[in-house]
Amino acid sequence: MPLFSVSNIQIKSVAACVPSQTEDNQSFELLNETERNLFIKTIGIRYRRIVESGITAADLCTKAANAILTNNNLNREDIQVLIFVSQTPDYLIPFTACIIQDKLGLSKNCMAFDINLGCSGYVYGLSIIGALLQNMPGAKGLLLVGDCSSTCISMQDKSVAPLFSDAGSATLLEYKEGEQMHFHLQTDGKEFDDIIISDGGMKHPFVSDSLLYKEIAIGQVRNNLHMKLDGMKIFNFALREVPGNVAQLLEYSALPKDQIDKAYFHQANLLMNERVRIKIGLPEEKVPYTLYDYGNTSSASIPLTLCAYPIQSQNVLLSGFGVGLSWGSALVNLNEADILPILTY
Amino acid sequence: MEIALFIENFKDCFNETAADSINENTIFRDLEEWNSMMALIIIAMIDAEFGKVLTADNIRESKTVKDLFNCIATQ
């Protein structure tokens, strides 16, 4: 069972960046007024941030990383690990982390690589960069996590378009004796097509038919380069898997539930997240949301919510769940974390 | 588990549909208020009130309110 701890690594700083352009779901024309009101009340999303053409998740993450580097007056030579977690890379080849390494002016003595994960990506990313850094005393690492999902959704698809929003983040981690982070990471690839863009990869390469728009149902028009999401399956998945995942993590780390100071969930949708919160048994005031103002920002939603509701505290629960299907939770110490206000691109 | 209780909870999920227009034989997809968000609300209600799981396939294969009830009654 992938329950494990990372030792001697501290989260030092977190920053998040969103595009300035805002879309209002009250103006989303594929839903009538009654449906729009129900959507905002139930799913919890009013506003979405959308990048201008040509701006990518890497750009948002780079801005967040620069803010951390400047704010902490860091020597860029000291960053020895750079990981970019995203499903919306700049190119198919090469990986995006190498481009960011250059943009940030990091040295050649820095390992850099991408990870393709979505909603669970922040938690997975923390575990991977932590596991690397714990064997590199004195080193610092940057975990960049973000997605511009708006670039791969159909605005004619009411099942997806009013949900997704763009954001990027950066997290600085460094070696510190005595620190511990605990993780519980899981996967169920049987349902890999519950959230999928079917064409454009190597299994179904781009062909002219990939661009053909199809009406799946009323108000659901998309092509094979657009994201498809089975909301009902994802809903049941989260209710089925996430509470148990968190319970096992708490048992492993011997932390009583009532000692969790704050819990930051992937911001999927309010109805689902609230059921997950209640099933875990966490009080409302310990679980902040950014859904109303920022929508579902995929992999960036946990660090974005941290920046919207910063905390300096020892027992912080993080939990991400979604595409893959993949899910994971972490217990981290943010006592000395410098959490920056949300930046705008 | 009583179907009457299930139907009462089902009715409570709707805001604009007259409660007396819903019974066990109601074809839920024909309700004007029915949409994909209502499906999620029903799934959440069943989880909260009955501790049961109504799957996406259950909803797709069901026609009436009673069909939905039958999906979870035997769990």
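The values are calculated or read from the model by the stated rules, or taken from the named source; none is laboratory data. Quick caveat: nothing in here was measured; it's all calculated off a predicted structure. Positions of Cβ are generated from backbone atoms using ideal geometry, with glycine treated the same way; all protein chains shown enter the neighbour counts.
A single entry from B:Glu49, B:Glu24, B:Glu33 fulfils the requirement of being touching a helix residue (DSSP H, G or I) at 6+ places or on another chain (Cβ under 9 Å), of a type in the set (D, E, K, R) and more than 24 Å from A:Asn269 (Cα to Cα): B:Glu24. Annotation for the stretch A:52-62: at least one member residue is free of Cβ contacts under 8 Å to residues at least 24 places away in the same chain and at negative phi. Of A:Asn273, A:Asn315, all but one fail to be more than 14 Å from every other protein chain (Cβ to nearest Cβ) and either at positive phi or not hydrophobic (A, V, I, L, M, F, W, C) (or both); the exception is A:Asn315.
Of the listed requirements (1) over 27 Å from A:Ile218 (Cβ atoms); (2) part of a loop (DSSP other than H, G, I, E, B), B:Glu16 misses just one: (1). Any residue in the stretch A:23-39 that is closer than 20 Å to A:Pro303 by Cα, surrounded by 21 or more Cβ atoms within 10 Å (Cβ to Cβ) and within 14 Å of chain B (Cβ to nearest Cβ)? Checked against the condition, which is being closer than 20 Å to A:Pro303 by Cα, surrounded by 21 or more Cβ atoms within 10 Å (Cβ to Cβ) and within 14 Å of chain B (Cβ to nearest Cβ), the stretch A:23-39 yields no hits at all.
Pick from A:Ser13, A:Ser7: which is in contact (Cβ under 8 Å) with a residue 12 or more places away in the chain, in a strand (DSSP E or B) and under 18 Å from the mean Cα position of the chain (by Cα)? Walk me through how you get there before you give the answer.
Working: A:Ser7 fails: under 18 Å from the mean Cα position of the chain (by Cα).
Of A:Ser13, A:Ser7, the one residue that is in contact (Cβ under 8 Å) with a residue 12 or more places away in the chain, in a strand (DSSP E or B) and under 18 Å from the mean Cα position of the chain (by Cα) is A:Ser13.
Scan A:Leu133, A:Leu163, A:Leu126, A:Leu142 and give me the residue that is out of contact with any Ser or Thr (no Cβ under 6 Å at 6 or more places or on another chain), of a type outside the set (Ser, Thr, Tyr) and closer than 21 Å to A:Lys103 by Cα. Talk me through it step by step, then tell me what you get.
Numbers: A:Leu133 fails: closer than 21 Å to A:Lys103 by Cα; A:Leu163 fails: closer than 21 Å to A:Lys103 by Cα; A:Leu126 fails: closer than 21 Å to A:Lys103 by Cα.
Testing whether each residue is out of contact with any Ser or Thr (no Cβ under 6 Å at 6 or more places or on another chain), of a type outside the set (Ser, Thr, Tyr) and closer than 21 Å to A:Lys103 by Cα leaves just A:Leu142.
The residue that is farthest from the other protein chains (Cβ to nearest Cβ), counting only those in the stretch B:35-51 that are crowded, with 16+ Cβ neighbours inside 10 Å and either part of a loop (DSSP other than H, G, I, E, B) or aromatic (Phe, Trp, Tyr) (or both), is B:Phe50. The set of residues in the stretch A:181-198 being modelled with pLDDT under 95 and closer than 30 Å to A:Asn71 by Cα is empty.
Quick check on this structure: which one of A:Asp157, A:Asp147 is under 12 Å from the mean Cα position of the chain (by Cα) and either at pLDDT below 95 or of a type outside the set (Ser, Thr, Tyr) (or both)?
Details: A:Asp157 fails: under 12 Å from the mean Cα position of the chain (by Cα).
Sole residue among the options that is under 12 Å from the mean Cα position of the chain (by Cα) and either at pLDDT below 95 or of a type outside the set (Ser, Thr, Tyr) (or both): A:Asp147.
If we keep just the residues of the stretch B:13-28 that are surrounded by 14 or more Cβ atoms within 10 Å (Cβ to Cβ) and within 13 Å of chain A (Cβ to nearest Cβ), which is modelled with the lowest pLDDT? Within the stretch B:13-28, the match that is modelled with the lowest pLDDT is B:Thr17. Restricting the stretch B:52-75 to residues that are part of a helix (DSSP H, G or I) and among the hydrophobic types (A, V, I, L, M, F, W, C) leaves a set whose member that is nearest to A:Arg240 (Cα to Cα) is B:Ala56.
Give the residue, chosen from A:Gln267, A:Gln220, A:Gln259, that is within 14 Å of chain B (Cβ to nearest Cβ) and either at pLDDT 95 or above or touching a strand residue (DSSP E or B) at 6+ places or on another chain (Cβ under 8 Å) (or both). Walk me through it before giving the result.
Numbers: A:Gln267 fails: within 14 Å of chain B (Cβ to nearest Cβ); A:Gln259 fails: within 14 Å of chain B (Cβ to nearest Cβ).
Only one candidate passes the filter, namely A:Gln220.
The single condition among (1) over 30 Å from A:Met181 (Cα atoms); (2) free of Cβ contacts under 8 Å to residues at least 40 places away in the same chain that A:Ile43 does not meet is (2).
Here are B:Glu32, B:Glu2: which of them is within 10 Å of another protein chain (Cβ to nearest Cβ) and out of contact with any His (no Cβ under 9 Å at 6 or more places or on another chain)?
Of the residues listed, the single one that is within 10 Å of another protein chain (Cβ to nearest Cβ) and out of contact with any His (no Cβ under 9 Å at 6 or more places or on another chain) is B:Glu32.
Assess whether A:Val246 counts as being under 23 Å from A:Ser5 (Cα atoms) and either touching a residue at least 12 places away in the same chain (Cβ under 8 Å) or buried (at least 19 other Cβ atoms within 10 Å of the Cβ) (or both).
Numbers: under 23 Å from A:Ser5 (Cα atoms): yes; either touching a residue at least 12 places away in the same chain (Cβ under 8 Å) or buried (at least 19 other Cβ atoms within 10 Å of the Cβ) (or both): yes.
Taking the combined requirement at face value, the residue satisfies it.
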